[in-house]
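Throughout, read-outs are computed from the coordinates displayed, never taken from laboratory work. Computed from a predicted structure; not experimentally measured. Quick reminder, even Gly has a Cβ in these numbers, built from the backbone with ideal geometry, and neighbours come from all protein chains shown.
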Amino acid sequence: MAALFRNQRYLLLRSFCNYARANLFRRPLLRNAELSLTYECNAKCAHCSNVRFVDSSRPGMSWSDIQQVVDQGVRGGALLFTLVGGEPLLSDRLLDTVRYVRCKEAGAIVITNGPLLTHRAARQLR
């Protein structure tokens, strides 16, 4: 968790505000939101719980849907958005989504099976 907050001081402030909101004011709080950006996947992992949802013919989330979910999550107190799929690296909107989440002063985690993660993609997502 400390690595998440390094160089992102705004998350510390939001964490404190969320703590006050949840504990002092007894208001419900959303801590993490998960977005399935795409239904496509490049693998068929036996352990994957999303394997039953993988379908390349289904469209992924639209950009307006992604923005709406992130905005609602931030209003609800989410500090962290977990981006999944299928395989999120197959989504055309992954980098835009990470940037959008960060501009809303939240963190983004990408859950990937790995083979598509190049050095270039890792640097862009960092």
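Miscellaneous remarks
- The calculated FRET efficiency for the pair LEU29 and CYS103, based on their C-beta separation and a Förster distance of 22 Å, comes to about 0.55.
- With the highest mean first, a sort of the peptides 109-122, 72-85 on other beta-carbon atoms found within 10 angstrom per residue produces 72-85, 109-122.
- Available extension along the chain between ASP96 and ARG120 is 7.1 nm, counting 0.36 nm per residue and deducting the alpha carbon span.
- Modelled label positions at ARG58 and CYS45, each set 7 Å beyond Cα in the direction of Cβ, lie 1.8 nm from each other.
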